[in-house]
Amino acid sequence: MRCSHCNSLEVVKNGSTGSGKQKYKCKSCNRQFVQNPQSNKIPEETKQLIDKLLLEKISLAGIVRSTQVSKRWGWSNTP
């Protein structure tokens, strides 16, 4: 296995993700990564809903529950 960042072969196992995928760490550049990552894109409608809920001053915990979007996603990504 090669590092997805620096292409080094000095890669070791480094635990697992919350969803159970194996994590790896590169000894050369210290990056952590998973093999075959999957990005779960948040639909544009959901982003717009989150923006509206934020303007209504609804708590982050309430927004997370109602939209089922991780609190760590970060709303600063929306334009």
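The values are calculated or read from the model by the stated rules, or taken from the named source; none is laboratory data. None of these values were measured; they are calculated from a predicted model. A quick note on method: Cβ atoms are made from the backbone with ideal geometry, for glycine too, and the neighbour counts reach across all protein chains shown. These accessible areas exclude ligands, DNA and RNA; they are computed on the full protein's heavy atoms, side chains included. Shrake-Rupley method; radii C 1.70, N 1.55, O 1.52, S 1.80 Å.
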Among residues of the range 17-41 being of a type in the set (Ser, Thr, Tyr) and in contact (Cβ under 8 Å) with a residue 12 or more places away in the chain, the residue farthest from residue 67 (Cα to Cα) is 28
Scanning the range 42-60 for residues that are within 13 Å of residue 70 (Cα to Cα) and of a type in the set (A, V, I, L, M, F, W, C), the one least open to solvent (accessible area, probe 1.4 Å) turns out to be 50
Checked pairs for the range 1-16, first within 12 Å of residue 28 (Cβ to Cβ) and in contact (Cβ under 8 Å) with a residue 24 or more places away in the chain, second assigned to a loop (DSSP other than H, G, I, E, B) and open to solvent by 90 Å² or more (accessible area, probe 1.4 Å), C-beta under 6 Å and 6 or more apart or across chains, list as 5/31
Subset of the range 2-24, residues among the hydrophobic types (A, V, I, L, M, F, W, C), open to solvent by less than 90 Å² (accessible area, probe 1.4 Å) and assigned to a loop (DSSP other than H, G, I, E, B), comes to 3, 6
